[in-house]
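Colleague: Take a look at this one; I'll ask things after.
The values are calculated or read from the model by the stated rules, or taken from the named source; none is laboratory data. Bear in mind the structure is a predicted one, so any value in this text is a computation, not a measurement. Ideal geometry is used to build each Cβ from the backbone, glycine not excepted, and the neighbour counts take in all protein chains shown.
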Amino acid sequence: MSRSTLAVSALLEDYLRQNTLREPAPLRELREETASHRLAKMQLAPEQGALLALLLRLIGARRYLEVGTFTGYSSLTAALAMGENGRVVACDASAEFTAVAREHWQRAGVAERVELRLQDALRSLDELLAEGAASTFDCMFIDADKPAYPDYYERGLQLVRQGGLIILDNMLLGGRVAEPAPGEPAGVRVVRALNLSLRDDERVECCLLPVGDGLTILVKR
Ligand SMILES: C[S@@+](CC[C@H](N)C(=O)[O-])C[C@H]1O[C@@H](n2cnc3c(N)ncnc32)[C@H](O)[C@@H]1O
């Protein structure tokens, strides 16, 4: 037992990744390729991916929705974890980033399980609602522009079924949520306020894990 959360050094992170992580080969290849991308730090941490895969299997997920696809690590994680009956709806506005994702979905043999909606994500979520997709997703993963997180979350509450998951990344923002600073980006203020409002939101169960940059896991009541 422990009364506090361990600070993970670079050495310990290396140990974790090299000695405890079961990362499927297609994900490892994608991670290695993305490492040289100018925005590589946007990619999901592999231990976050392992947790996402575990949660999807735990709830027997078949329909997964994400906001923020980048080069495809989280979407490929979900497609592989859910197996051949799983379906992924991936929302991103960048044709450039998602071209890499498309290539890796293809290489991993899951491309036909993934639908990419290439435009502003809020518009995609509203279109899904208009198409009658309310309460049809088992899990929604939010990993995009921070100022829009509260809007993504509210749409997610409509799109995810009761007992389903909404997972939000970057909820610690490198520790900046704990250190209000003059002139900080709007996204930091938004995430700080969202952490507080999720704590008190009766519509969900809530747990923020300090894995990667902070992963909030919500279960819709
Ligand atoms: C942190 S990255 C996502 C990382 C990804 N989940 C992964 O596993 O590697 C954020 C992504 O959100 C996308 N994005 C940012 N704002 C957006 C918006 N308003 N609508 C759609 N996509 C957006 C960016 O193009 C970028 O690919």
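Colleague: Name the residue, out of GLY163, GLY156, GLY187, that is of a type in the set (Gly, Ala, Ser) and more than 20 Å from PHE70 (Cβ to Cβ).
Modeller: Criteria check complete, one pass: GLY163.
Colleague: Just checking, how many residues over region 25-59 are in contact (Cβ under 8 Å) with a residue 40 or more places away in the chain and more than 23 Å from CYS91 (Cβ to Cβ)?
Modeller: Going through region 25-59 one residue at a time, the tally reaches 2.
Colleague: Give the number of residues within region 118-127 that are buried (at least 20 other Cβ atoms within 10 Å of the Cβ) and touching a helix residue (DSSP H, G or I) at 6+ places or on another chain (Cβ under 8 Å).
Modeller: 2
Colleague: Let me ask something additional. Check off (1) surrounded by 12 or more Cβ atoms within 10 Å (Cβ to Cβ); (2) touching a residue at least 24 places away in the same chain (Cβ under 8 Å); (3) under 30 Å from GLN162 (Cα atoms); (4) away from the ligand (no atom under 15 Å from the Cβ) for GLY83 and give me the number that stays unchecked.
Modeller: The one condition GLY83 does not meet is (2).
Colleague: Filter region 153-183 for residues that are in a strand (DSSP E or B) and in contact with a Phe, Trp or Tyr (Cβ under 9 Å, 6 or more places away or on another chain) and give the result.
Modeller: Listed by number, the residues that qualify are VAL160, ARG161, GLY164, LEU165, ILE166, ILE167, LEU168.
Colleague: What do you reckon, is ARG192 touching a Gly at 6+ places or on another chain (Cβ under 9 Å), away from the ligand (no atom under 15 Å from the Cβ) and at pLDDT 95 or above?
Modeller: No.
Colleague: Please find, among VAL67, VAL88, the residue that is within 10 Å of the ligand (Cβ to nearest atom) and of a type in the set (A, V, I, L, M).
Modeller: Selected residue: VAL67, the only one of VAL67, VAL88 that is within 10 Å of the ligand (Cβ to nearest atom) and of a type in the set (A, V, I, L, M).
Colleague: Considering only residues that are acidic (Asp, Glu) and over 18 Å from ARG192 (Cβ atoms), look in region 128-153 and name the one that is surrounded by the fewest Cβ atoms within 10 Å (Cβ to Cβ).
Modeller: GLU131
Colleague: A further question on this structure: Residues of region 172-221 being in contact with a strand residue (DSSP E or B) (Cβ under 9 Å, 6 or more places away or on another chain) and of a type in the set (Ser, Thr, Tyr), which ones?
Modeller: Across region 172-221, the qualifying residue is only THR216.
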